[in-house]
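A.B. asks: If you scroll down you'll find the structure; I have some questions about it.
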Amino acid sequence: MKQAQVKRSRPDIEAAIRGGDWTQAMDGEGVPGHATIAQAIYWRQIYVEILGMEEKVLRRIRQLMAKLSAEARTEVELTNVPVVVAQVEKFRRRLGYWEARVHELNGAVPPMVRRVVLANT
């Protein structure tokens, strides 16, 4: 009961946890390994959009931080920045899953896998 109350009373905490958990799929996303090519392309595009937005948010935060006092900048670096960085990483990883699935369904080797293989040969 207490845990349910915490979730209802602290949506910021729930959002921070969800936002940083790269294993957390979006509602309706499904499992990449079971997706059709159309589904994989769709979800890849969703993550391209979200990742692009999150990267812009992080750049903007850093621009704004440059104008802050040292104390304010430190607080933003300790609170806001880690949350956005975690979200960027989450969306980058989720995008990677869907890119790999698109390549798999197209019969191609994903670019990251190809780079690793070539680097080790």
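A.B. asks: Work out how far the C-alpha atoms of region 34-119 reach from end to end along every principal axis, then list the three figures in whole Å, largest first.
C.D. replies: Answer, in whole Å and largest first: 53, 31, 17 Å.
A.B. asks: If you filter region 1-105 for chymotrypsin sites (Phe, Trp or Tyr not before Pro), then keep DSSP loop positions with at most 16 other Cβ within 10 Å, what is left?
C.D. replies: Trp22
A.B. asks: Subtracting the Cα-Cα distance from 0.36 nm times the residue separation, let me have the gained length for Ile61 to Gln24 in nm, one decimal.
C.D. replies: 10.9 nm
A.B. asks: Within region 21-35, which residues have the backbone N less than 19 Å from the label spot 7 Å out from Arg93 along Cα→beta-carbon, could you tell me?
C.D. replies: Zone members listed by number: 21-34.
All of the numbers you see were taken from the coordinates with simple rules; none came from a lab. If you're wondering where the values come from, they're calculated on a predicted model, not measured in any experiment. Please note: Cβ atoms are built from the backbone with ideal geometry, for glycine as well, and neighbour counts cover all protein chains shown.
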